[in-house]
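The structure appears right after this line, and notes come after that.
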Amino acid sequence: MRIPLDRQSPKPVYLQIRDRLRHLIQSGAMQPGERLPSIRMLAENAQVNKLTVIEAYGVLEADGLVSARQGAGYFVNSSSIPAPQSEPTFAPAQDVIIPQQRSISFFDVYADSMLAQTQKGVINLGCGFPRPPESEDLRRIARRAIADIDTALFNYDLPQGRLVLRKQIAQMLVWQQGLQVSTDNIIITSGSKQGLSLVMHYYVQPGDWVIVESPTYHGAIAVLENLGARVIGIPMTATGMNLELLEQYLGSHRPKLIYTISTLHNPTGITTSQVHRQRLLELAEQYACPILEDNAYEGLNFEPVPAPIKAIDRQDLVTYIGTFSKTLMPGLRVGYMVVTGKHYRPLVERKLLNDLHVSTVSQAIISEYLASGHYRRHLNHLRTENLQSRNAMLQALERYFPQEASWTVPNGGLFLWVHLPSQLPMEMIRQEAIAQKVVMSCGSLFFPDQKGYTAMRLNYSSTPAEIERGISVLGQLLKKYL
Ligand SMILES: Cc1ncc(COP(=O)(O)O)c(C=O)c1O
């Protein structure tokens, strides 16, 4: 176990050891029931006196985080793990980014990720999709969904989507998100990507300024670039978009849209607080700037999250988008938008002009998942598996990554974001990792200028065994270049 100590620090060494172990326990990197290193081993490792370790373990015990078992050592208490939180200290320094032109196209990034998906034996920590549902369940549900084949299922349908599915989504948003919406506020889209594109084209004209978080989902930046918008990347802090900078740029550039991923952000995994959401909305109201709230990772939280910004929107400024891609299957291409007030009709018309409507068969399969209760069960299962995998990744990062690396501890979603020393040649490391059948995403892809600070995005939805191997390969490569 690595315990970095600062011998010059005024903080006593036993408290530094206590802090490090407390961090490992509270972040989930050390699991309930796990044995702490023996006093002798830790003393040797950290090159301190055994009494210092005894003192550190004593304080951890007094704090209720660990317990001593006669003759067996110290163990992590099961009741000592609070809800995992984003590390409050995680805020790499960065400036506002106003990019010129991105050199790597979204098409190439997407094509690369499709290629990785088809290759056998690859550990894919770079992708943006979840573990697929049990194929037996899927087969049964798909069969049932199309069993009562009537002509309607294979005919044209409404551009806003099938009534039954819109009703189910509205109900789901109430129980899952605390978002009070009605069937008439829902538009079913071909994945949330289509929703995102429809909304961006609705609010933004070529040459307009648009605010995004920096880093953010690269697929959104690509749509904005294609539409001729000028992007302003406001730095993400540990608690969300920097709101002072946002206010400054709302005043100076009068943007036409704010794009935010408020919950389980891609790529950092950060979820903003209720206070942050409230303030963001107040600023948008003050400058009459619409918000596109992308909640693609909706439902994948381990602990409760605040209601979406849309839930407190009283002026129809916020368009909310969600998807079944990250919880069920991206291939079905079913997402949805929540649109209120005068914006509903023009957006339905745009949807109609775009592709008439989403596949009725895909909509029927999702409907059956929701009606049969399988969706809830599947979500519970997925969350449990993802939590185990996230913890496995945190442990592996502690074990294999260089000391200089730091990372977020997301409360769900699929990703963890690692901040790395600036001198690392990330593209070279990515290529070398691919040669060893491990795929990761370079952080640069998610910054508006495709540069940003040095980072990587890791998807933790693989199995713990795959994670262990993948992170050990990446850790070795990082250390080689340090
Ligand atoms: C933040 C975010 N929004 C939207 C999407 C698009 O997903 P889909 O169109 O499959 O719903 C993604 C996919 O990675 C994403 O990460």
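The values are calculated or read from the model by the stated rules, or taken from the named source; none is laboratory data. For clarity, every value in this text was computed on a predicted model and none was experimentally measured. We place every Cβ from the backbone using ideal geometry, glycine too, and count neighbours over all the protein chains shown.
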Is it the case, given these coordinates, that S444 is of a type in the set (S, T, N, Q) and in a helix (DSSP H, G or I)?
yes
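In this structure, does M236 turn out to be surrounded by fewer than 23 Cβ atoms within 10 Å (Cβ to Cβ), within 16 Å of the ligand (Cβ to nearest atom) and assigned by TED's automatic domain parsing to the domain that holds T340?
No, not satisfied.
Scan the range 357-369 residue by residue and report those that are assigned to a loop (DSSP other than H, G, I, E, B) and not polar (S, T, N, Q).
Quick first cut of the range 357-369, residues assigned to a loop (DSSP other than H, G, I, E, B) only: 357-359.
Once the filter is applied, which keeps residues that are assigned to a loop (DSSP other than H, G, I, E, B) and not polar (S, T, N, Q), the range 357-369 yields H357, V358.
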Pull up the range 409-445, narrow it to residues that are among the polar types (S, T, N, Q) and under 25 Å from L328 (Cα atoms), then point me to the one that is farthest from the chain's Cα centre (by Cα).
S441
Confirm whether Q160 is at pLDDT 95 or above, within 16 Å of the ligand (Cβ to nearest atom) and more than 12 Å from G322 (Cβ to Cβ).
no
Which residues, taken from the range 447-478, are part of a helix (DSSP H, G or I) and surrounded by fewer than 24 Cβ atoms within 10 Å (Cβ to Cβ)?
P464, A465, E466, E468, R469, S472, V473, G475, Q476, L477, L478
Among the residues listed as S79, S103, S113, the single one being assigned to a helix (DSSP H, G or I), exposed (fewer than 11 other Cβ atoms within 10 Å of the Cβ) and modelled with pLDDT under 85:
S79
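Of the residues in the range 312-357, how many are of a type in the set (D, E) and touching a helix residue (DSSP H, G or I) at 6+ places or on another chain (Cβ under 7 Å)?
Keep residues of the range 312-357 that are of a type in the set (D, E), which gives 313, 316, 349, 355.
Checking which are touching a helix residue (DSSP H, G or I) at 6+ places or on another chain (Cβ under 7 Å) leaves us with 313, 316.
Residues meeting the conditions: 2.
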Please state which one of W209, W175 is among the aromatic types (F, W, Y), more than 15 Å from the ligand (Cβ to nearest atom) and either touching a His at 6+ places or on another chain (Cβ under 7 Å) or within 21 Å of V361 (Cα to Cα) (or both).
W209
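With the range 140-244 as the region, which helices (runs of 4 or more DSSP H) entirely inside it contain at least 3 residues that are touching a residue at least 12 places away in the same chain (Cβ under 8 Å) and over 23 Å from L328 (Cα atoms)?
191-203, 218-226
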For S190, only one of the following conditions fails: (1) away from the ligand (no atom under 14 Å from the Cβ); (2) surrounded by fewer than 22 Cβ atoms within 10 Å (Cβ to Cβ). What is its number?
(1)
